[in-house]
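The values are calculated or read from the model by the stated rules, or taken from the named source; none is laboratory data. Everything numeric in this text was worked out from a predicted model, so none of it was measured. Here the Cβ positions follow ideal geometry from the backbone for every residue, glycine too, while neighbour counts run over all protein chains shown.
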């Protein structure tokens, strides 16, 4: 599993709070060099953990 930096985590959570899920997935994909599905899974994990 890839490590998510605190700064990236903060940005992901902020985008989720703004309901910008596509932007959050794109950010994760860009910053981690993961594929689309893996990036979406990470965003979904944050969303499901009640960070919003």
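Applying the selection to the stretch 20-33, what residues are outside any helix (DSSP H, G or I) and surrounded by 11 or more Cβ atoms within 10 Å (Cβ to Cβ)?
Of everything in the stretch 20-33, just one residue is outside any helix (DSSP H, G or I) and surrounded by 11 or more Cβ atoms within 10 Å (Cβ to Cβ), namely 20.
Suppose we filter the stretch 2-51 for residues that are on the phi > 0 side of the Ramachandran plot and modelled with pLDDT under 95; how many remain?
Residues meeting the conditions: 1.
Looking at (1) exposed (fewer than 11 other Cβ atoms within 10 Å of the Cβ); (2) within 8 Å of the chain's Cα centre (by Cα), find the lone condition where residue 43 falls short.
All conditions are met except number (1).
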